[in-house]
Amino acid sequence: MVSRPAAPTPDSFTSRLRSPAVAARVGVWLGLSFGICFVTGLVSHYAQLPSHPIPFPTSPSSGYRLTQGLHVISGVAAIPLLLVKLWSVLPKLFEAVPLRDPRRLLLTVLERGSIALLVAASIFQLATGVLNAAQWYPWLTFSFRTTHYALAWVAIGALLVHIAVKLPITRDVLLADIDATTHDRASATAPGALSRRALVRTSFAAAGVAVLATAGSTVPWLRQVSLFATRTGEGPGGVPINKSARAAGVVESASAPDWRLEVVVGGVATSWSYDDLRAIPQHTVDLPIACVEGWSAQGTWSGVRVSDLLRAAGATAGADVDVTSLQQAGAFRRTVLPANFAGDDRTLLALDLAGEPLSLDHGFPCRLIAPNRPGVLQTKWVSRLEVSA
Amino acid sequence: MRTRAVLVALGAALMTYGAWLLLSRQDPGQWLEVGIWLGAGVVAHDAVISGVVIAVCLLGSRLVPPAWRAPAAIALVVWGALTIAAIPVLTRAGARADNPTLLDRPYLATWWAISAIVVVVVAVAGFVRSHRSRAGE
């Protein structure tokens, strides 16, 4: 395929599969998966903000499970599509730069600069995404969440520029037969191992296989199929664990017999022991834990309603609640439970999961469980609820 | 033409916003590492992955009999992409002794089994195809 590997030019690549016809057909689906990733990513980012100018809805209770599952699934599907897409356009990397014509030079630099950003940001997003799902953080300094969020805007912006630049040729090759040669490079005439149609279908199949191999982390009926899922879905009470009590450094404080829950309203504290919480009306809800990493599991949780505790402490409905964990560190040690979540009857301080007291790793003595919330905000080892009204 | 101009303007605005988010919410040490990761990703693809694929295709076009090439190419795309997507679980680098619910499958053994199955499937498909094309001659 490469006749002069020492100094390749676009003409060094002779396969007729490396063509706009293939790139556009794979690219449409790649763009679609990036669009789903972007929108679901915005939803997830918004859900994690400490305050919501437009309240994040508490229903449907599995809404976040669905959007974050889609986020990771479409990201995984994008990996094979991106690889085939980049393969199909690789000759463009070796195109000459028009150094003599300043206007064309400027346009070329801008266009290829935006492509470089698009490729770099796309690879970064997919790579850091699957690394985060496997809780592997090989980077040293930057924050995953901040960077993944910022570069999502860069990637989607560069994608829009790319679509605009390529719109006429994309339209042409999509409307024409896949084997049409109008837009092919002159050198791209060698038959490949596959037909163009077969290569496009193979890339879709590869995306499907990658999804099936991983989606069991969030789609229960795929658990037996998803051999590369980050989790089997097993765990105490049928729910996996994201951060153990040991990793959070709370083993001692959470199992201390003198543990108390403080409910503070307007500076006045009421204090509850574990037995006090057991003595007031208990409620049971079926709610998912849906993690930003893309895994989720349904649980049957029992405990006391947050709204009952707040009312007992004299709070009026409609205020945000600060929830504090026994954890001494971590970005989600203190979280805000917005008023609409605090007032929802399904929002519990859970004491039991699947009919058994919570395990230490699931947040014993009590954890927050609310509908339609990212898992990081379902605070474990709760020690304090505060309404600062 | 107007659609394209609007798309370019919108895209440039979103990119600028993303760059501002990155620069305003991280310190220069973090910018540097993000830059290194952005560059490393491109090098990993453009030099390493592309280079390996070119070498494999070049070898394949010399060594693999024509009837075997289509199944081999399909296998390369599906198996190769799956392997790359599975790197984080295959290494199990994020596994923690205190959390048995994370990365709790025998990923590497599965990968070897899948790879073996892929080899067998390609061999069978190649054999059947070469047999058929010979019978058709």
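The values are calculated or read from the model by the stated rules, or taken from the named source; none is laboratory data. Note that the structure is a prediction, hence the values are computed from the model and not measured. Note: ideal-geometry Cβ built from the backbone for every residue, glycine included; neighbour counts use all protein chains shown. Just so you know, the surface numbers come from the protein's heavy atoms only, side chains and all, with ligands and any DNA or RNA stripped out. Shrake-Rupley method; radii C 1.70, N 1.55, O 1.52, S 1.80 Å.
Let me know the whole percent of all Cα-Cα pairs from chain B that are separated by more than 22 Å. All intermediate terms of the calculation are to be shown ahead of the outcome.
On the way: 6109 of 9316 pairs.
Result for the distance tail: 66 percent.
Using 5 Å bins from zero, what percent of all Cα-Cα pairs in region B:65-137 falls into each bin?
Per 5 Å bin, starting at zero, the Cα-Cα P(r) for region B:65-137 comes out as 3, 15, 19, 17, 12, 10, 8, 6, 5, 3, 2, 1, 0 percent.
Express in Å², to the nearest 10, the accessible area of residue A:144 obtained by rolling a 1.4 Å probe over the protein heavy atoms while all chains stay in place.
The accessible area comes out at roughly 50 Å².
What is the distance in Å between the Cα centres of region A:294-363 and region B:45-105?
Rounded to whole Å, the Cα centres lie 43 Å apart.
For region A:379-385, what does the Karplus curve 6.51 cos²θ - 1.76 cosθ + 1.60, with θ = phi - 60°, yield as ³J(HN,Hα) per residue in whole Hz, taken in order and with x for Gly and Pro?
Whole-Hz 3J(HN,Hα) from phi for region A:379-385: 4, 9, 6, 5, 10, 7, 10.
For the pair residue A:339/residue A:282, report the inter-label distance in nm, with labels modelled 7 Å from Cα in the Cβ direction.
3.3 nm
Which shape class, rounded, prolate or oblate, goes with region A:238-387 when its Cα gyration tensor gives a ≥ b ≥ c as root eigenvalues, a/c under 1.5 marks rounded, and past that a/b bigger than b/c marks prolate?
Numbers: a/c = 1.35, a/b = 1.21, b/c = 1.11.
Rounded, because the longest to shortest axis ratio a/c is under 1.5.
Starting from the residue with the highest accessible area, list B:33, A:111 in decreasing order, probe 1.4 Å. Provide the component values of the computation, followed by the final result.
Working: B:33 25, A:111 50 Å².
From most exposed to least exposed: A:111, B:33.
Given a 1.4 Å probe, how much area per residue of region A:238-387 is accessible, in Å²?
Values: 5620 Å² over 150 residues.
Normalised by residue count, the accessible surface of region A:238-387 is 37 Å².
Based solely on C-alpha atoms, express the radius of gyration and the Dmax of region A:10-222 in angstrom.
My reading of the Cα-based Rg and Dmax gives 19.4, 61 Å.
If r is the Cβ-Cβ distance from residue A:308 to residue A:144 and R0 is 51 Å, what FRET efficiency results, to the nearest 0.05?
Numbers: r = 37 Å, r/R0 = 0.72.
Rounded to the nearest 0.05, the efficiency is 0.90.
Of the heavy-atom accessible surface of chain A (probe 1.4 angstrom), what whole percent is carbon and sulfur? Could you put the intermediate results ahead of the total?
Numbers: 10350 of 16490 Å².
Exposed carbon and sulfur together represent 63 percent of the surface.
Full-extension gain between residue A:322 and residue A:107, please, as 0.36 nm times their residue separation minus the C-alpha to C-alpha distance. Mind showing how you got there, number by number?
Numbers: separation 215, 0.36 × 215 = 77.40 nm, distance 5.21 nm.
Using 0.36 nm per residue and subtracting the Cα-Cα distance, I get 72.2 nm.
Using a 1.4 angstrom probe, figure out how much accessible area region A:88-182 has per residue, in square angstrom, rounded to the nearest whole. Mind showing how you got there, number by number?
On the way: 4760 Å² over 95 residues.
Averaged over the residues of region A:88-182, the accessible area is 50 Å².
Considering every residue in A:234-241, what mean count of other chain Cβ atoms within 10 Å of its Cβ is obtained?
Values: counts 3, 5, 2, 0, 0, 1, 5, 6.
Mean partner shielding for this stretch: 3.
For region A:10-222, build the charge dipole from Cβ charges (+1 Lys, Arg; -1 Asp, Glu) around the Cα centre, then report which of A:127, A:221, A:110 sits farthest towards its positive end.
Final value for the positive-end residue is A:110.
Chains B and A: how much accessible area gets covered up at their contact, both sides added, probe 1.4 Å, in Å² to the nearest hundred? Present the calculation step by step, with values, prior to reporting the outcome.
Numbers: alone 10910 and 19260 Å², together 24490 Å².
Buried: approximately 5700 Å² between A and B.
Distance in nm between label sites at residue A:246 and residue B:61, each 7 Å beyond Cα in the beta-carbon direction?
It works out to 5.5 nm between the two label points.
Would you grab the residues whose amide H sits under 5 Å from the one on residue A:321? Only those 5+ places off in sequence or on another chain, please, with H modelled 1.01 Å from N.
The answer is A:337, A:339.
Pulled fully out, how much extra length does the chain show between residue A:46 and residue A:179, if you take 0.36 nm times their separation in residues and subtract their Cα-Cα distance?
Values: separation 133, 0.36 × 133 = 47.88 nm, distance 4.44 nm.
Full-extension gain reported as 43.4 nm.
May I ask you to list the lysines whose Cα is less than 28 Å away from that of residue A:85, ignoring any residue fewer than eight positions away on the same chain?
A:166
Rounded to the nearest 0.05, what FRET efficiency do residue B:110 and residue B:36 give with R0 = 45 Å and r taken as the Cβ-Cβ distance? Could you check? The partial results should precede the final answer.
Working: r = 32 Å, r/R0 = 0.72.
Efficiency computed from Cβ-Cβ geometry: 0.90.
Select from region A:201-282 those GluC sites (Glu not before Pro) which occupy a DSSP coil region and have at most 14 other Cβ atoms within 10 Å, ordered by residue number. List each step's numbers first, then the result.
On the way: sites: A:234, A:252, A:262; in loops: A:234.
Answer by residue number: A:234.
If you plug each phi of region A:149-166 into the Karplus form 6.51 cos²θ - 1.76 cosθ + 1.60 with θ = phi - 60°, what whole-Hz ³J(HN,Hα) values come out, in order, with x for Gly and Pro?
Residue by residue, region A:149-166 yields 6, 4, 6, 4, 5, 4, 5, 6, x, 5, 5, 5, 4, 4, 4, 4, 5, 8 Hz.
Enter the accessible area per residue of region B:65-137 (Å², integer; probe 1.4 Å; all protein chains in place). Kindly include the intermediate steps, with their values, before the conclusion.
Values: 4070 Å² over 73 residues.
In whole numbers, region B:65-137 has 56 Å² accessible per residue.
What number, in nm² with one decimal, is the all-direction average of the projected area of the convex hull of the alpha-carbon atoms of chain A? Let's see the in-between values first.
On the way: hull surface 93.7 nm².
Result: 23.4 nm².
Per residue of region A:366-377, in order, report the coupling 6.51 cos²θ - 1.76 cosθ + 1.60 (Karplus, θ = phi - 60°) as ³J(HN,Hα) in whole Hz, putting x for Gly and Pro.
8, 10, 7, 9, 9, x, 6, 10, x, x, 4, 9
Would you work out the Kirkwood radius for region A:161-236? I mean one over the mean of 1/r across all pairs of different Cα atoms, in Å. Please list the in-between numbers first.
Working: mean 1/r = 0.0629 Å⁻¹.
Evaluated on region A:161-236, it is 15.9 Å.
Go ahead and collect, in residue order, the members of region A:19-62 whose backbone nitrogen is under 19 Å from a label point 7 Å along the Cα-Cβ direction of residue B:6.
In region A:19-62, the label zone of residue B:6 (backbone N under 19 Å from the point 7 Å along Cα→Cβ) covers no residue.
Quick query: amide H of residue A:241 versus all other amide H atoms, modeled in the peptide plane; which residues come in under 5 Å with a sequence gap of 5 or more or a different chain?
Long-range HN contacts for residue A:241: B:101.
Determine the residues within region B:36-52 where the difference in accessible area between the chain on its own and the full set of protein chains amounts to at least 30 Å²; count protein heavy atoms only and use a 1.4 Å probe.
Going by heavy-atom accessible area, the residues of region B:36-52 that drop by at least 30 Å² are B:37, B:38, B:42, B:45, B:46.
Determine the shielding of peptide A:138-147 by partner chains: average, over its residues, the number of Cβ atoms on other chains within 10 angstrom of each Cβ.
Mean partner shielding for this stretch: 6.
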